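Worksheet for the structure shown next.
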């Protein structure tokens, strides 16, 4: 299948250029220049550093041969490109009148949204066109971020024998340039035919390649399935699959791992350790929560993270789960009370009890099937709550 590519950066433009012009005029009236996204020198401190203390005496600790790392000479490795794809299904395409958009999708730690509409205006020479646009971080009020990206729009043909139609552009997205695309992407009569319309539906995709970002931090990801020199020094084997980890790092979080790796257990001198009674993907999720990417606790993973956090005595994971449960409205109170019971989460139990405002709420908890599994201690706490309410 051949593509009909139209790589014309100059043809790409904002959806509403008048708004950008008005904003620039307001900046000019206030004598404000558009912020530069490059920093030539480190930022100055607002407050002075404390004076350096001179050592009272020389101590020979064997550090005479220690070299000093020249941080000024350090060159940051080239940023790895981040790529993602957005897909927009447009139902009842022949009757398309209003703008239609995808939900936001994160690419390069920024939210992106693909949108499409029709346009017949002065800039399309009063000819009806099918227009496509991409939004990057449009809801942010910050002027400190920017993103260099290449975006390719494509209309998916009805079948592989039909050439695809695509156009791409390069743009530096920022506060004043967060919406860009082609008002005259494709003539309406060309796209609204049997080559691209199937069951009255048209599919548009946007391939986004983020080349560089400023002002936002990309979440670091780890591939535990690959051995990484100087980072991984042992592997866990779960269902014959290996996960490569760092012993010292895990030992900082878990006394169980510390004992496994550094005490007089048979696993201490092994380069791989088999873990039983553990689900591979659940343990991988645990690692993602512990490692610096610190993947968040969610409704989908909280139950088994509590189980694994308790199994390996990882206080950080238990705290994160408890914090999530205290703020979540997606998990019913009886479930929270059960988990608070099971894992001795006093803050969670306290939060549940404080949120009870009526005797009817306690009665609703008592009528659940799970109530029979509640401990006597928690039942006593609920009774005490009832007495406080009626008092």
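The values are calculated or read from the model by the stated rules, or taken from the named source; none is laboratory data. Nothing here was measured: the structure is a model prediction, and the numbers come from that model. Glycine also receives a Cβ, built like all others from the backbone with ideal geometry; neighbour counts cover every protein chain displayed.
Whenever a residue of region 206-235 is touching a residue at least 12 places away in the same chain (Cβ under 8 Å) and at positive phi, its partners that are in a strand (DSSP E or B) and surrounded by 13 or more Cβ atoms within 10 Å (Cβ to Cβ), lying with C-beta atoms within less than 7 angstrom and at least six residues away or across chains, give the pairs 215/146. For region 269-299, a residue qualifies if it is without any contact (Cβ under 8 Å) to a residue 24 or more places away in the chain, in contact with a helix residue (DSSP H, G or I) (Cβ under 9 Å, 6 or more places away or on another chain) and loosely packed, with under 13 Cβ neighbours inside 10 Å, and exactly one does: 277.
For the structure I just gave you, tell me whether residue 137 is farther than 23 Å from residue 90 by Cβ, assigned by TED's automatic domain parsing to the domain that holds residue 201 and surrounded by 17 or more Cβ atoms within 10 Å (Cβ to Cβ). Yes: the conditions hold for residue 137. Note on region 109-125: among residues that are at pLDDT 90 or above and under 28 Å from the mean Cα position of the chain (by Cα), the one that is farthest from residue 174 (Cα to Cα) is 116.
What do you reckon, is residue 106 crowded, with 17+ Cβ neighbours inside 10 Å, in contact with a strand residue (DSSP E or B) (Cβ under 9 Å, 6 or more places away or on another chain) and assigned by TED's automatic domain parsing to the domain that holds residue 16? In short, no.
Taking the listed residues 295, 212, the one that is in a loop (DSSP other than H, G, I, E, B) and either closer than 30 Å to residue 91 by Cβ or within 23 Å of the chain's Cα centre (by Cα) (or both) is 295, with no other qualifying.
In region 339-360, what residues are over 36 Å from the mean Cα position of the chain (by Cα) and either surrounded by 16 or more Cβ atoms within 10 Å (Cβ to Cβ) or part of a helix (DSSP H, G or I) (or both)?
So in region 339-360, the residues over 36 Å from the mean Cα position of the chain (by Cα) come out as 358-360.
359, 360, listed by residue number.
Candidates are the residues of region 237-253 that are touching a helix residue (DSSP H, G or I) at 6+ places or on another chain (Cβ under 7 Å) and in contact (Cβ under 8 Å) with a residue 24 or more places away in the chain; the one that is farthest from residue 43 (Cα to Cα) is 239.
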